[in-house]
1. From the list 162, 117, 128, which one is under 26 Å from residue 40 (Cα atoms), basic (Lys, Arg) and out of contact with any helix residue (DSSP H, G or I) (no Cβ under 7 Å at 6 or more places or on another chain)?
2. Would you be able to tell me the number of residues in segment 107-136 that are closer than 12 Å to residue 62 by Cβ and of a type in the set (Gly, Ala, Ser)?
3. Determine whether residue 133 is assigned to a loop (DSSP other than H, G, I, E, B) and exposed (fewer than 11 other Cβ atoms within 10 Å of the Cβ).
4. In segment 1-42, how many are open to solvent by 90 Å² or more (accessible area, probe 1.4 Å), of a type in the set (Ser, Thr, Tyr) and either modelled with pLDDT of 95 or more or under 30 Å from residue 89 (Cα atoms) (or both)?
5. For segment 150-162, what are the residues that are farther than 15 Å from residue 74 by Cβ and open to solvent by 90 Å² or more (accessible area, probe 1.4 Å)?
6. Within segment 66-120, work out how many residues are touching an Asp or Glu at 6+ places or on another chain (Cβ under 6 Å) and in a loop (DSSP other than H, G, I, E, B).
7. Evaluate the following for residue 139: is it at pLDDT 95 or above and more than 21 Å from the chain's Cα centre (by Cα)?
8. Exactly one of these conditions fails for residue 139: (1) open to solvent by 30 Å² or more (accessible area, probe 1.4 Å); (2) farther than 17 Å from residue 59 by Cβ. Give me its number.
Amino acid sequence: MADIKPPRTAGATEPVFLREEEVRQGIELLFFAYRDFTAEPDAILAQYRFGRAHHRVVHFVGRRPLMTVGDLLTILRITKQSLNRVLGQLVRQGFIIQHRGAQDRRQRLLELTDRGRELERQLSEPQRIRVAAAYRKAGPQAVEGFRKVLLGIIAGEEDRRRFDRRPERQ
């Protein structure tokens, strides 16, 4: 089992939040939260015979219109073959359109169609409601703490840097 405790100094006591049971419960909470976070979108995706990979593509293309296929591959960390299968379905069914790059014609820029924006809205609306309710209940300090925990779980520095600048409140 991996050691989760920092090196002990003489007379130091272990913080409660670093105890084995607390860490294991945090992992379990993540499993339960993910199950419930994805349940409603999964039901919508099933209507189209889509899976969670389709949801991730629609989400990220919706968040960054005209992103390149290469950028999407970097974010998702999947093979080109896997992405091409999912992306091909989304393009054929009219959820995503591909544009050629202005400078590099080999570049494929991705954008949601109106149909894709509606699917993205349907998929993310229950998640936004769930997260907003949890944030509201927890309060601003807990939200910032949760954000720090999630950033700490993300393995890559480059991925963490994506969140350096927080979106402005509207």
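The values are calculated or read from the model by the stated rules, or taken from the named source; none is laboratory data. Predicted model, so just to flag it, every value in this text is computed and none were measured. Neighbour counts run over all protein chains shown; Cβ positions are idealised from the backbone, glycine included. Heavy atoms of the whole protein, side chains included, go into the accessibility calculation; ligands, DNA and RNA do not. Shrake-Rupley method; radii C 1.70, N 1.55, O 1.52, S 1.80 Å.
1. After applying the criteria, what remains is 128.
2. Count: 2.
3. So residue 133 does not fit the description; no.
4. The number of residues fulfilling the criteria is 1.
5. 153
6. Within segment 66-120, residues that are touching an Asp or Glu at 6+ places or on another chain (Cβ under 6 Å) and in a loop (DSSP other than H, G, I, E, B) number 1.
7. On the way: at pLDDT 95 or above: yes; more than 21 Å from the chain's Cα centre (by Cα): yes.
In short, yes.
8. (1) is the only condition that residue 139 fails.
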